[in-house]
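Structure, as structure tokens:
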Amino acid sequence: MTSSAISGELAEAVNTEVAVITPPPVYSQIQVINEDKEFSNNVNAYLQKVDLLSAGLNYHLISVFGSQSTGKSTLLNALFGTTFDVMDETKRRQTTKGIWMSRAKQDRILVMDVEGTDGRERGEDQDFERKAALFALATSEVLIVNIWEHQVGLYQGANMGLLKTVFEVNLSLFSSPNKSLLLFVIRDHIGVTPLDNLAATLTADLERIWDSLIKPNHLLDSKITDFFSLQFTALPHKILQPQPFSKAVNAIGHRFELKHDENYVFDKSYHRNVPADGWSIYAQNVWEQIELNKDLDLPTQQVLVARFRCEEIAAQAWERFENDVNPVEGMSGLVAGLGDIIGPARTTALEIYDSQASRYTPKVYEVKKKELVAKIDTKLAQIYSHYISILHKIALQKFNSSVASELGKPHYTFLDSIQTAKSETLDTFVEAATEAQIAGTLLSFESELQSLTYDIEEAVSRLRALEAKKLGTRITRRVTSDLDDKFPKIYKTPSEDLWDRIVLTFRDVLVKSLANFEVEKDGVVTYDLGLGGTAAEVVIEIDQIKMEAWKVLYRKMREFSKPDSVLIRLREHFEDSFKYDDKDIPRVWKPSDDISEIYSASLKSAMLLLPLFATARLANGETVFPDPEVVPALERDEEIDIEQFPILLSESQKLPIQSDLKRIADSMYVDAKRSTIQSIRQVPLYFYILLLALGWNEILATLRNPLYFAVLAMVAGFIYVAYSLNLIGPIMTMGNAAFEKAVVIGKEKLREALDIKDVGSSYRNATSTAVEPGSPKTDADIPLDDMDENGEIAAVKKSKGSPGEFN
């Protein structure tokens, strides 16, 4: 807007007579935000009352901003026909408190009267005036800035510092494409300084403020005109120039009423596009954002001094506190009377702060004290936490050593030992932790107590596992011992129900081993190992014991089913069937016995036992397999192949057993055959009867002759003694051996005698044919062809026979 247009408007306002019109309706008003910064809950009810709640977007909002006692309410009442309270000129005191709103006489316009700035009532507390100004700027389409002419060019007087703060926060909170109009109304303009010059001064000040703002990165190059439109107008003195003042006000009013006016203030870009029935919620949200923003909480000079001094005093108190607690800060072990050291240190530090800082601004004093207390308590919490962690470690060590001492005694009860050690440990921990606490602080050891309890329970679980393992070892040894006693007897009598008897025996042994731990409750039999723990843990421990027992059975099955062991059992079975009859009497083979048939039946019976030892199979055809509850653990055991659990001998292992058994059986068969041949070569019984009959006379002659009778008595006595001492067999064996040896020697002697005779005859025959009778002949005269390489005569050599010729 040019200066000539502004001057023309002012001249027109002064020279134009005020037209007489019908008095406009007078509307009531509502306090939107009170002096305690509380937003009203009755805004919608007021809009309903003034018939604007259903206006939709067809309404406008105007606010006024300026220093206290500059006639803001008077200007609004004159422009819009509102009835805001105005200042009593005789008292010069604050009139408007908070933010008030009323409907204007013009159609669908809402006007907000904002509490003035720089009032003596609030003094240096500028918090509300900043927030009120920002609220008006963020919600209004037009912000009327009411300013005295003599304030133009001033920084504080023209509220430039306040506008800077408001602009800066507005950019960070409510930067949007919606612009606002800043309408500067310069009051008490006497005309010495042209309006154009005043407008140029204000514009330059606003642009300088805008350039100095701290803007978001995306708005660094923005200008004030990107967010605000600027208009300037002036009003004469209301008291000294009442008629020109009224005309000028009427001219300004045209800007709000006449759309064809070149200075018409309402532009579509200014509207916030919030329907009237939603304006209350929108405005309340804006106020809440403003209230939560700390950039508006700029301190006064007294507050700055109080902050500086309170921070300085707090630093001194903190330094004293650090010196007092320094000896215990890096402790590596328990410190006796820790609470008596750190408690007085805290008290002394706070006393130093209170004695020096309490005379400054109470709010700052309280805030800085809270900060100091928080800082001290944080340090105390670190020291206390370190102390509690050391106490935790020592308590856990004490628990472990106490339990080890109790469990090392010859006779102990696991549960009693554990409970006693646990109770003593926790009581000691709580007592020591409580002594180190400080009244008035939040130092707590509850979390560390829970952690210690958890660690103790973990240690108890490990000890319970070890104890359960030892108990399981004892039970397993008992099972092993019982199986060692009973299994050989079962394996001695193999039959189709062999594995039924083995499994039944095993289960009986296992049940008896666990019988001492059975307990009955409500008709249900469970186990109690005397180690405590939950029911689920006891089930796991019992299953572990059962698993170890099944491993014992697994080893026993394979021990008794080794190829050599199976071969021995099959051989024993064959021998029992082949060498003994149905009455378990040893067989004496006779020529009439069918040895071949007995051999075949015995061998077949022994061979049929091989599958029985090769696969653990019950009589009903099912294979022997562990109980379901122990299978998962056995599957993880490296010793056991759970899939091959019942398979004891593979096909490749069975073939050598069959071959060896056949060879052993064949050997026994041959021995049996030989015994029958020897019985056939023995002298028949009738021969002895015939011998007795034919030699009767000789027997009588012997008995009648004393000499013969004495010899016979000696022989009979010798035979009786030999029979009594079971020496008949050995004597007969020795006699047979001596007889056979004599026969062999006799044959040798006879052979030697016959060899000498043949050599002499051959020699005589040879000499008689080669020389004259009576003529001697030496070996030299024998032709070389008749001698071999050893010099032996061929004829003699030919006369020799092989030893076999005498057999």
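Values in this text are rule-based calculations from the coordinates and carry no lab data. Please read all numbers here as calculations on a predicted model, not as lab measurements. Here Cβ is always computed from backbone atoms with ideal geometry, including for glycine, and neighbour counts include all displayed protein chains.
What the table below lists for this structure:
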read-out: LEU181 long-range amide H proximity, modeled H, under 5 Å; value: VAL142, LEU143, SER229
read-out: Within-12-Å neighbourhood charge of ARG501 [Cβ basis; K, R +1; D, E -1]; value: 0
read-out: Cβ-based net charge around ALA619, under 14 Å, with every Lys or Arg adding one and every Asp or Glu removing one; value: -2
read-out: Ranked by how many other beta carbons lie within 10 Å on average, peptides 716-723, 31-38, 230-237 from highest; value: 230-237, 31-38, 716-723
read-out: Distance violations [Cα-Cα > 21 Å] among LYS179/LYS259; LYS97/LYS131; LYS604/LYS673; LYS37/LYS375; LYS492/LYS556; value: LYS37/LYS375
